[in-house]
Amino acid sequence: MEVISILGILWRIKFNEKLDDKDVDAQSDPHEKIIRVADDIEDGVDVNRILRHEIIHAFLYESGLGFNWEHKPYGHEETMVDWIAIQYPKIKKVFEKLGIEE
Ligand SMILES: [Zn+2]
């Protein structure tokens, strides 16, 4: 289990979890402050990308954008969350090249 700080709030990451929703590889629980990664992820699936996606959710929750925001049943607009999660490493490289990452 990993513990990470999301805007100063401690979240746990648990691997090999049995998830209620069998259609997803991971879930963020903003009440328990836990990211759960499924125990049945198929070979070849990029777990780092899945983690980045869930961590973006956590940042959104902790910055005040929770279930009240955008995508009605879930709260977050999944396409934008995924876009940030996928593009983040490339954006980070550009920021680092310019020395403007902070
Ligand atoms: Zn999501």
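Would you please name the residue that is nearest to the chain's Cα centre (by Cα), looking only at residues in the range 3-18 that are farther than 19 Å from Tyr61 by Cα and among the charged types (D, E, K, R)? Among them, the one singled out is Glu17. Out of curiosity, is Glu54 surrounded by 14 or more Cβ atoms within 10 Å (Cβ to Cβ) and charged (D, E, K, R)? Spelling it out, Glu54 is indeed surrounded by 14 or more Cβ atoms within 10 Å (Cβ to Cβ) and charged (D, E, K, R).
Here Ile55 qualifies as under 11 Å from the mean Cα position of the chain (by Cα) and within 16 Å of the ligand (Cβ to nearest atom). Each residue in the range 31-53 was checked for being closer than 16 Å to Ile4 by Cβ and either in contact with a His (Cβ under 8 Å, 6 or more places away or on another chain) or not in a loop (DSSP other than H, G, I, E, B) (or both), and 10 of them qualify. Within the range 7-30, the set of residues being part of a strand (DSSP E or B) and within 19 Å of Glu78 (Cα to Cα) comprises Ala26, Gln27, Ser28, Asp29. Checking each residue in the range 19-28 for being surrounded by 15 or more Cβ atoms within 10 Å (Cβ to Cβ) and away from the ligand (no atom under 12 Å from the Cβ) picks out only Leu19. The condition (being at pLDDT below 95, part of a helix (DSSP H, G or I) and away from the ligand (no atom under 15 Å from the Cβ)) is satisfied by just one residue among Val94, Val81: Val94. Whenever a residue of the range 74-91 is surrounded by fewer than 17 Cβ atoms within 10 Å (Cβ to Cβ), its partners that are acidic (Asp, Glu), lying with C-beta atoms within less than 6 angstrom and at least six residues away or across chains, give the pairs Glu77/Glu70.
Between Val3, Val37, the distinction of being in contact with a Leu (Cβ under 9 Å, 6 or more places away or on another chain) and surrounded by 12 or more Cβ atoms within 10 Å (Cβ to Cβ) belongs to Val37 only. If you go through the range 19-38 and keep only what is modelled with pLDDT under 95 and either of a type in the set (Val, Ile, Thr) or farther than 19 Å from Tyr61 by Cβ (or both), you end up with Lys22, Asp23, Val24.
The values are calculated or read from the model by the stated rules, or taken from the named source; none is laboratory data. Every value quoted in this text rests on a predicted model; they were computed, and no experiment measured them. All Cβ positions, glycine included, derive from the backbone under ideal geometry; neighbour counts span all protein chains shown.
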